[in-house]
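Okay, so here's the structure we're looking at.
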Amino acid sequence: MERKRTILVTGDVTVDWQILQPRGTEMRHMDMPHRWGISECQAASRAGGAALLADLLRELKSEAGDLGAGVEIQGPDLAEKALQEPGYPGVAKTFMSWKPYPRRRGEGREYVWRIGDFLGEDQPGKAGSGAREGIPQGEEEKKEGLTPDVLVIEDANLGFRSRRENWQNSLSGGNAEKGLIFLKVADPLDGNVLLEDLSDGYPDRLTVFTSVSDMRKSGCPIGYAISWEQVYEEVVAAVRNHRQLRQASRVVVSLGPSGAVLLVREGGSGEKAGGWKSWLVFDPENQEGDWEKRHPGSMVGYGTCIAASLIWEMALGGGVTGMVEALKRGCRAARVLHHVGYKNLGVFPKLHLAFPFEEVVEAVTREAEGDFHHVQLDFDGDGGSSILDVKLAEAGPDGKTVDRVEKAMEIVTRGPARALAGVPVERIGKWSSVDRAEIESMRSLSNIVTEYVNRYRAGDRLEKPLSLAVFGPPGSGKSFAIKQMARALYPDLIEDCEFNLSQFVSAGELAAAFHKVRDMVLQQYLPLVFWDEFDTPFEGRELGWLRHFLAPMQDGRFLEGGVFRPIGPAIFVFAGSQYHTMEEFRLGLAGKAEAERASKKMDFLSRLKGFVNILGPNPLSSGESEDRNYILRRAFLLRTILERKAPHLVDEAGNAGINPGVLRAFLEVTRYYYGARSMEAVVEMSTLAGKKSFELSCLPARSQLAMHVDADDFLQRACGQ
């Protein structure tokens with residue numbers, strides 16, 4: 001008879017106490033006496049930590065049928081009294097408030113139970129002797145003949161890691177000497193005796209599972225997501241530079257319900273092993289944290305879902321490919337957990353919340369679908385890795401890179417979602433991009449704006465505006481991109497206004513502009529103020545406007561009639577026209593020391609809190625041969641213009657009707673004289689009313705076309721010449 005494969009789960013066990021508030025937050029603004037008698041609140045509990053992980057693995061075994069019959073799950077059990085008495089001694093406890101939330105932000109038809117607030121924890125294992133009364137810690141290791149094929153240790157930093165005897169029994173005797181070790185570890189990573197013992201003593205058997213949040217809290221230099229490539233590069237670098245993590249055979253870093261990074265040692269493990277191979281599992285539509293923002297409330301158990309999927313795959317003998325697919329299923333299960341929330345199994349009016357085992361198990365056991373993708377990138381440390389390049393290479397026959405023009409044509413005709421499956425596409429309102437540099441620039445700026453707005457909403461005293469700059473060629477869509485970002489993030493909070501400084505004849509006109517900003521503040525809006533063409537000459541000086549903005553930027557006030565007047569909270573966006581990038585602006589007036597000092601350019605730059613370079617539809621002016629993505633930027637822009645200006649050309653299936661020659665002309669024409677405005681003008685000048693397709697005959701006359709492009713070049717391409 002074939003020996004059963006055994007999964008032994010041990011580690012930190014918790015009792016998770018749930019403070020249930022059926023009426024949510026609807027009474028949070030009521031005075032205490034008025035809440036009395038109508039506030040509902042109940043308490044419940046369930047097993048967490050290693051006990052929850054073991055329960056989920058048991059459910060997976062049960063669902064697996066014949067496959068599960070060959071697997072035995074051993075894990076800790078809680079004494080019944082520990083789940084009934086909040087003061088039960090020797091057991092770690094967590095306390096969280098739970099409330100009903102809409103499944104998705106803005107949708108109030110259906111509510112699910114999620115965490116409203118984490119209230120704290122009681123950690124007897126840290127302060128005391130490490131005794132864990134009521135938890136048979138170690139009993140499972142003593143069962144006769146028990147030799148785990150996979151030893152799973154849940155280390156939540158609640159006491160288990162502090163006593164070596166807690167895990168040493170499981171690492172000796174029988175198959176335990178060659179079985180796999182799966183360590184699910186929380187912050188802090190440094191100074192963790194358990195991690196040190198396992199990475200030093202059993203590196204070839206060890207898989208370490210941790211989260212990017214725990215790595216950040218442990219001091220690893222991993223920034224918050226501005227692109228999938230950036231997260232990947234920084235996670236890989238952090239693992240390679242961590243003394244314990246880099247010794248393990250495998251390391252998995254969870255990015256929550258959005259993805260994960262898998263690193264596998266080549267040629268073994270330990271300090272003398274070969275290099276790393278790594279894979280990124282990701283959602284092309286959502287970067288880290290994006291999906292959660294659209295689904296209010298919090299949830300505990302993301303890591304448990306992903307870890308269970310991996311452990312099950314390892315127990316069944318799956319290799320690296322199987323682990324990648326298991327990560328996809330685990331990430332999907334984490335989203336299912338958040339989406340359905342904890343299920344209420346109680347009978348009204350008594351509430352009883354339970355982990356949604358059925359839905360999570362179904363997500364883990366179902367074949368991975370198209371919501372998550374994976375990519376293997378070569379980490380070279382130069383910050384130049386591109387998922388777009390890898391995916392285009394994968395999509396081509398025999399591994400050859402897909403022609404960018406053909407892919408751009410597909411973006412216009414079929415839409416980005418279908419044309420670029422598996423490629424990260426950043427969408428902010430109606431603005432979108434696949435260019436890594438542009439995505440990182442926009443998301444960096446978005447993070448800065450979000451921090452300022454969060455402080456504004458929290459009631460912080462914001463005495464000066466947030467000052468930003470945006471650069472790009474004429475017609476590149478500078479103001480469009482920033483406005484889309486603001487409206488997408490805060491549609492009911494931010495109101496925008498625009499002032500073109502090239503039309504101002506005196507500095508005194510600024511006072512009227514600042515008063516308009518003040519009026520918006522008084523109307524309870526957060527003004528988004530565009531100072532267009534701020535870099536134009538004024539009063540016979542290059543960059544003459546800069547010195548007039550120093551006091552408003554630094555002190556949040558302006559001078560009028562000898563009196564300083566406060567502006568209030570606002571977001572200032574300085575849009576350049578003379579300089580197309582921040583680098584050009586920074587280097588402007590080079591060699592003109594006196595003019596630079598007079599302009600106060602350095603003082604102005606020191607007051608900026610962020611910037612973005614908008615690339616536009618034309619190739620970059622420097623190193624144009626290397627700007628391979630301008631064709632794709634044109635495709636995104638043209639698709640957006642057609643959807644806005646000629647929506648009747650796009651059918652119900654999302655296919656746009658446009659002649660291939662006309663489409664190639666739009667994508668390949670040498671240059672648009674006025675950037676995005678020229679592309680939009682060509683579409684608007686065409687006779688498209690009543691047409692199902694954009695044909696050659698719809699194009700404007702040659703003389704009209706010549707206003708915005710080289711007409712001969714455009715028409716020759718349209719005719720296939």
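The values are calculated or read from the model by the stated rules, or taken from the named source; none is laboratory data. Note that the structure is predicted; figures quoted are calculated from it, not measured. Don't worry about glycine lacking a Cβ; one is built from the backbone with ideal geometry, like all the others, and counts go over all protein chains shown.
Restricting F572, F549 to those that are under 25 Å from S446 (Cα atoms), within 33 Å of the chain's Cα centre (by Cα) and either in the same structural domain as S479 (by TED's automatic domain parsing) or among the aromatic types (F, W, Y) (or both) reduces the list to F572. Name the single residue that is surrounded by the fewest Cβ atoms within 10 Å (Cβ to Cβ) among those in the stretch 684-704 being more than 41 Å from the chain's Cα centre (by Cα) and over 15 Å from Q716 (Cα atoms). In this case the residue turns out to be G690. None of A635, A598 is under 29 Å from the mean Cα position of the chain (by Cα), over 28 Å from L528 (Cα atoms) and either of a type in the set (G, A, S) or not assigned by TED's automatic domain parsing to the domain that holds L663 (or both) except A635.
Are any of the residues in the stretch 504-514 among the polar types (S, T, N, Q), exposed (fewer than 13 other Cβ atoms within 10 Å of the Cβ) and modelled with pLDDT of 90 or more? Scanning the stretch 504-514 turns up at least one residue that is among the polar types (S, T, N, Q), exposed (fewer than 13 other Cβ atoms within 10 Å of the Cβ) and modelled with pLDDT of 90 or more.
Considering the conditions (1) modelled with pLDDT of 95 or more; (2) in a helix (DSSP H, G or I); (3) of a type outside the set (S, T, N, Q), M707 is excluded by exactly one of them, (2). Picking from residues in the stretch 521-556 that are of a type in the set (A, V, I, L, M) and surrounded by fewer than 21 Cβ atoms within 10 Å (Cβ to Cβ), the one that is farthest from S606 (Cα to Cα) is L522.
In summary, helices (runs of 4 or more DSSP H) completely within the stretch 525-616 and bearing 1 or more residues that are over 19 Å from F514 (Cβ atoms) occur at 582-587, 593-599, 601-607. Within the stretch 631-663, the set of residues being surrounded by 20 or more Cβ atoms within 10 Å (Cβ to Cβ) and closer than 16 Å to L705 by Cβ comprises L638, V662, L663. Considering A646, A676, the condition of being under 16 Å from G415 (Cβ atoms), of a type in the set (G, A, S) and touching a residue at least 24 places away in the same chain (Cβ under 8 Å) is satisfied by A646 alone.
Which of (1) in contact (Cβ under 8 Å) with a residue 40 or more places away in the chain; (2) assigned to a helix (DSSP H, G or I); (3) not hydroxyl-bearing (S, T, Y) does L262 not meet, given it meets every other one? Checking L262 against (1) in contact (Cβ under 8 Å) with a residue 40 or more places away in the chain; (2) assigned to a helix (DSSP H, G or I); (3) not hydroxyl-bearing (S, T, Y), the one that fails is (2).
Per the conditions (1) surrounded by fewer than 18 Cβ atoms within 10 Å (Cβ to Cβ); (2) in contact with a helix residue (DSSP H, G or I) (Cβ under 8 Å, 6 or more places away or on another chain); (3) at pLDDT below 90, the sole criterion not satisfied by E85 is (2).
Scan the stretch 74-82 and tell me whether some residue there is in a helix (DSSP H, G or I) and surrounded by 15 or more Cβ atoms within 10 Å (Cβ to Cβ).
Taking every residue of the stretch 74-82 in turn, at least one turns out to be in a helix (DSSP H, G or I) and surrounded by 15 or more Cβ atoms within 10 Å (Cβ to Cβ).
When I306 is tested against (1) of a type in the set (V, I, T); (2) farther than 18 Å from G256 by Cβ; (3) surrounded by 15 or more Cβ atoms within 10 Å (Cβ to Cβ), only condition (2) is not met. Remark: L56 matches the filter, which requires a residue to be surrounded by 23 or more Cβ atoms within 10 Å (Cβ to Cβ) and either outside any loop (DSSP other than H, G, I, E, B) or modelled with pLDDT of 95 or more (or both). Considering every residue within the stretch 457-479, establish whether at least one is small (G, A, S), in contact with a Gly (Cβ under 8 Å, 6 or more places away or on another chain) and surrounded by fewer than 17 Cβ atoms within 10 Å (Cβ to Cβ). Among the residues of the stretch 457-479, not one is small (G, A, S), in contact with a Gly (Cβ under 8 Å, 6 or more places away or on another chain) and surrounded by fewer than 17 Cβ atoms within 10 Å (Cβ to Cβ), which makes the answer no. Across the stretch 646-681, the number of residues qualifying as within 19 Å of F636 (Cβ to Cβ), touching a His at 6+ places or on another chain (Cβ under 6 Å) and not polar (S, T, N, Q) comes to 1. Here the stretch 202-241 is the region considered, the condition is being among the small types (G, A, S) and touching a residue at least 60 places away in the same chain (Cβ under 8 Å), and the residue that is nearest to S433 (Cα to Cα) is S227. For the stretch 710-721, the set of residues classified as part of a helix (DSSP H, G or I) and either surrounded by fewer than 18 Cβ atoms within 10 Å (Cβ to Cβ) or among the hydroxyl-bearing types (S, T, Y) (or both) consists of D712, D713, Q716, listed by residue number. A single entry from L608, L615 fulfils the requirement of being surrounded by fewer than 19 Cβ atoms within 10 Å (Cβ to Cβ) and under 28 Å from the mean Cα position of the chain (by Cα): L608.
In the stretch 182-196 there is no residue matching the filter, namely being in contact (Cβ under 8 Å) with a residue 12 or more places away in the chain, in contact with a strand residue (DSSP E or B) (Cβ under 7 Å, 6 or more places away or on another chain) and over 25 Å from M314 (Cβ atoms).
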